[in-house]
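Written out below as structure tokens is the structure these notes cover.
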């Protein structure tokens, strides 16, 4: 039984998943009361489409592939977490807004959320590193969103550049809660490249594990490499199970690139990326305060925020 009141989907999910018949989705097709407009992307267990709802509002539909019952857990988690957050009086501005979920006559489960215009952080930094000031601005918005989840007793579980959207208006949104879960029941998951050492060792994940993850994301934004790796900028292909990364973690030896950063940035990063959870910042609230302090110390010429038209082309 959930201590936070997270409710699983109905007990017929297995049967409905088995009954769901895979079909090719096409523009104009109806999914519940919604009409598909264009395909946006696809993950391991779901496709995302731009759609129009029955009130003619633009939305995004995440349509789960539930024909494999082994994939039942993730939709249950994501929809359950969104339903739990929906009970609160206000929605956090840095988390994609959730509208609801449903199931088609064909047996397909779908989740409706706001449609965002922009690019993922993953796509942006694949083309080049970001200035420290811009990386800090993005990091703070992500930290505020994660702090909100932590205050509600939840771990995000899969923080990574692919799950962070930079919108055309400059706002930053977390767009996937598929691995989220309660502190006491969190069993891990997510993407190894971004995980803290204690998660890689399969010990208890904790809120401070996600502080490490944010440190890794910040480092990737400004250096385009894993903070415990060196000599290989293609961050998408680096596995943290790589012998070099694990060896550097064991010796608490950050990538040499950190030495090229201002001292106050190095201190900030080392605090987030410490191998021992107890030496990291105590909370996301402390992280956001530290971000503000680092930003104040940047020289004036480094405080310019890059034009969003250039990164959202």
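Where a number appears in this text, it was derived from the coordinates with a stated rule and is not lab data. Being a predicted model, the structure only gives us computed values, none of them experimental. No Cβ is skipped: glycine too gets one built from the backbone with ideal geometry, and neighbour counts run over all protein chains shown.
Relative contact order for the stretch 79-188: what percent, with Cα pairs under 8 Å and sequence separation of 6 or more?
29 percent
Need the full-extension length gain, residue 90 to residue 38, defined as separation in residues times 0.36 nm minus the C-alpha distance. One decimal, nm.
On the way: separation 52, 0.36 × 52 = 18.72 nm, distance 2.99 nm.
Using 0.36 nm per residue and subtracting the Cα-Cα distance, I get 15.7 nm.
Per 0.36 nm of contour for each residue apart, how much would the distance between residue 25 and residue 182 grow if the chain were fully extended, relative to their Cα-Cα spacing? Write down the numbers at each step before the final one.
Values: separation 157, 0.36 × 157 = 56.52 nm, distance 3.40 nm.
Once the chain is fully extended between residue 25 and residue 182, it gains 53.1 nm.
What nm distance separates the two modelled labels at residue 200 and residue 50, each placed 7 Å from Cα along Cα→Cβ?
4.0 nm
What FRET efficiency do you get for residue 123 and residue 261 if R0 is 25 Å and r is their Cβ-Cβ distance, rounded to the nearest 0.05? Walk me through the numbers on the way to the answer.
Values: r = 24 Å, r/R0 = 0.97.
For R0 = 25 Å, the calculated efficiency reads 0.55.
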